[in-house]
Amino acid sequence: MSELRFNELRGEQVVYAIDRQDRTFLPAREHCPLDPTRLGEPPTEIPFAAFQIAVFDNRFPAFQAPGGAAEVVVYTDRHDGSFATLSPQRAQALMWVWRHRYQELGARPDVEYVMIFENRGVEVGVTLHHPHGQIYGYPFVPPVATLELAADERVGGCAPCALLARELGDAQRILIERDGVVAYVPHAARWAYEAHVVMREHRASLLDCEPDELRELSQVLQALVRGYDELFERPFPYVMVVHQASTCEPADSPARRGHVHVEFYPPLRTAEKLKFLAGSEQGAGTFISDTLPEESAVALREAIARAA
Ligand SMILES: [Zn+2]
Ligand SMILES: [Zn+2]
Ligand SMILES: [Zn+2]
């Protein structure tokens, strides 16, 4: 069971999930717990000989009912590959799985905020290489979600809508532009190759999206991550998070605020150099970057085109 403590100086919760110390750390290829269970072999986490997408409770949870949720989403029963190499149909199906988990976890009284995410690469602490993501159901609204709501106040409306309009007007940092979905490097990106994928219409969550929009979202996400892998011709580590409305209010409440978008935080500055969060970032909360977002956008746009 994890323990929450409120860090007074930072005004934020810290989660102590001490059982996680024992979690599986980069097991040998033949002992992958996210593989299907093969006949005559010890069971994995998934007791089926084959599957498409599997969702189950994390065995080493940061949150657990009645104090939230932690789930694992396995994208495929094939060990090798990544989100980028899933078939378009599978990537599209994943959007529906995300939507379903947001709905189901969000309906629970102990879940106030659902965050879908993927950590990719040992550079961001991945302990299992099998293509998978995670979902946390936080029993509180976490600081980043609160900051985004404060941005709404500052711009006097929906911040993702306003920022998207600004990016489209400027056009320099746009990576992919589709009918329902746009990807761009933000004007004030904190990471060298940070990218945001935003629904063009105001949609509070995946539940509010049309089927066509979900299909396009899967296509744009895949095009972007293929471009990432192409950029330095190596698997590109990143943290990917889906931001949506908190689930404090019911899905039909007019009080619900938020705008579904996906943020990527890649730690690479160059093919070999990682960005570390050090003095200024940790001590002051101020990011110092040596790459201009406009230049990253040019490089990424070209990489996306080459990978297409
Ligand atoms: Zn595997
Ligand atoms: Zn909006
Ligand atoms: Zn966001």
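The values are calculated or read from the model by the stated rules, or taken from the named source; none is laboratory data. All of these numbers come straight from a predicted model, not from anything done at the bench. Don't worry about glycine lacking a Cβ; one is built from the backbone with ideal geometry, like all the others, and counts go over all protein chains shown. Surface areas here come from the heavy atoms of the whole protein model, side chains and all, with no ligands, DNA or RNA. Shrake-Rupley method; radii C 1.70, N 1.55, O 1.52, S 1.80 Å.
Condition check: over 16 Å from residue 263 (Cα atoms), within 13 Å of ligand 3 (Cβ to nearest atom) and either of a type in the set (Lys, Arg) or open to solvent by 30 Å² or more (accessible area, probe 1.4 Å) (or both). Does residue 165 satisfy that? Break it down into steps so the answer makes sense when it comes.
Values: over 16 Å from residue 263 (Cα atoms): yes; within 13 Å of ligand 3 (Cβ to nearest atom): no; either of a type in the set (Lys, Arg) or open to solvent by 30 Å² or more (accessible area, probe 1.4 Å) (or both): yes.
Taking the combined requirement at face value, the residue does not satisfy it.
Looking at (1) within 24 Å of residue 293 (Cβ to Cβ); (2) in contact with a strand residue (DSSP E or B) (Cβ under 9 Å, 6 or more places away or on another chain); (3) surrounded by 15 or more Cβ atoms within 10 Å (Cβ to Cβ); (4) of a type outside the set (Gly, Ala, Ser), which one does residue 274 not meet, given that it meets all the others?
All conditions pass for residue 274, except number (3).
Within segment 77-102, which residues are over 15 Å from residue 222 (Cα atoms) and part of a loop (DSSP other than H, G, I, E, B)?
Answer for segment 77-102, where residues must be over 15 Å from residue 222 (Cα atoms) and part of a loop (DSSP other than H, G, I, E, B): 77, 78, 79, 80.
Every residue in segment 108-136 that is open to solvent by 40 Å² or more (accessible area, probe 1.4 Å) and part of a loop (DSSP other than H, G, I, E, B), please.
Correct list: 108, 109, 112, 125, 129.
Residues that are over 23 Å from the mean Cα position of the chain (by Cα) and more than 16 Å from ligand 3 (Cβ to nearest atom): does segment 65-72 have at least one?
Scanning segment 65-72, I find at least one residue that is over 23 Å from the mean Cα position of the chain (by Cα) and more than 16 Å from ligand 3 (Cβ to nearest atom), so the answer is yes.
Residue check, residue 138 against (1) within 16 Å of the chain's Cα centre (by Cα); (2) away from ligand 3 (no atom under 16 Å from the Cβ), all met but one. Which one?
Status for residue 138: all satisfied but (2).
Could you pull out the residue among 72, 114, 126, 144 that is more than 16 Å from ligand 2 (Cβ to nearest atom) and at pLDDT below 95? Before the answer, list the steps.
Numbers: 72 fails: at pLDDT below 95; 114 fails: at pLDDT below 95; 144 fails: at pLDDT below 95.
Just a single option satisfies the conditions, and that option is 126.
Examine segment 93-105 for a residue that is away from ligand 1 (no atom under 14 Å from the Cβ) and of a type in the set (Asp, Glu), and state whether such a residue exists.
So the first thing to find is which residues in segment 93-105 are away from ligand 1 (no atom under 14 Å from the Cβ), and the list is 93-105.
So of that shortlist, the ones also of a type in the set (Asp, Glu) come out as 104.
Within segment 93-105, one or more residues are away from ligand 1 (no atom under 14 Å from the Cβ) and of a type in the set (Asp, Glu).
Please work out if residue 145 is more than 30 Å from residue 32 (Cβ to Cβ), open to solvent by 30 Å² or more (accessible area, probe 1.4 Å) and either part of a strand (DSSP E or B) or within 16 Å of ligand 3 (Cβ to nearest atom) (or both). Give the steps one after another, and end with the answer.
Numbers: more than 30 Å from residue 32 (Cβ to Cβ): yes; open to solvent by 30 Å² or more (accessible area, probe 1.4 Å): no; either part of a strand (DSSP E or B) or within 16 Å of ligand 3 (Cβ to nearest atom) (or both): yes.
Spelling it out, it is not the case that residue 145 is more than 30 Å from residue 32 (Cβ to Cβ), open to solvent by 30 Å² or more (accessible area, probe 1.4 Å) and either part of a strand (DSSP E or B) or within 16 Å of ligand 3 (Cβ to nearest atom) (or both).
Please work out which one of (1) outside any strand (DSSP E or B); (2) within 16 Å of ligand 3 (Cβ to nearest atom) is the condition residue 105 fails and give its number.
(2)
Inside segment 2-76, counting only strands (runs of 3 or more DSSP E) that do not spill past its ends, which hold 1 or more residues that are of a type outside the set (S, T, N, Q) and open to solvent by 40 Å² or more (accessible area, probe 1.4 Å)? Spell out the reasoning first.
Working: elements: 3-7, 12-16, 54-57, 69-74.
Hits in segment 2-76: 3-7, 12-16, 54-57.
Of all the residues that make up segment 268-308, how many are more than 21 Å from the chain's Cα centre (by Cα) and over 19 Å from residue 186 (Cα atoms)?
The number of residues fulfilling the criteria is 13.
Can you name every residue in segment 168-181 that is within 16 Å of ligand 2 (Cβ to nearest atom), in contact (Cβ under 8 Å) with a residue 24 or more places away in the chain and surrounded by fewer than 22 Cβ atoms within 10 Å (Cβ to Cβ)?
180
Which members of segment 149-161 meet the condition of being within 11 Å of ligand 2 (Cβ to nearest atom), within 23 Å of the chain's Cα centre (by Cα) and open to solvent by 40 Å² or more (accessible area, probe 1.4 Å)?
161
Out of all the residues in segment 237-246, is one or more touching a residue at least 24 places away in the same chain (Cβ under 8 Å), among the polar types (S, T, N, Q), more than 16 Å from ligand 2 (Cβ to nearest atom) and surrounded by 12 or more Cβ atoms within 10 Å (Cβ to Cβ)? Break it down stepwise before answering.
Within segment 237-246, the subset touching a residue at least 24 places away in the same chain (Cβ under 8 Å) is 237-246.
Remaining after also requiring among the polar types (S, T, N, Q): 244, 246.
Next, from what is left, pick out any that are more than 16 Å from ligand 2 (Cβ to nearest atom): none.
No, segment 237-246 has no match at all.
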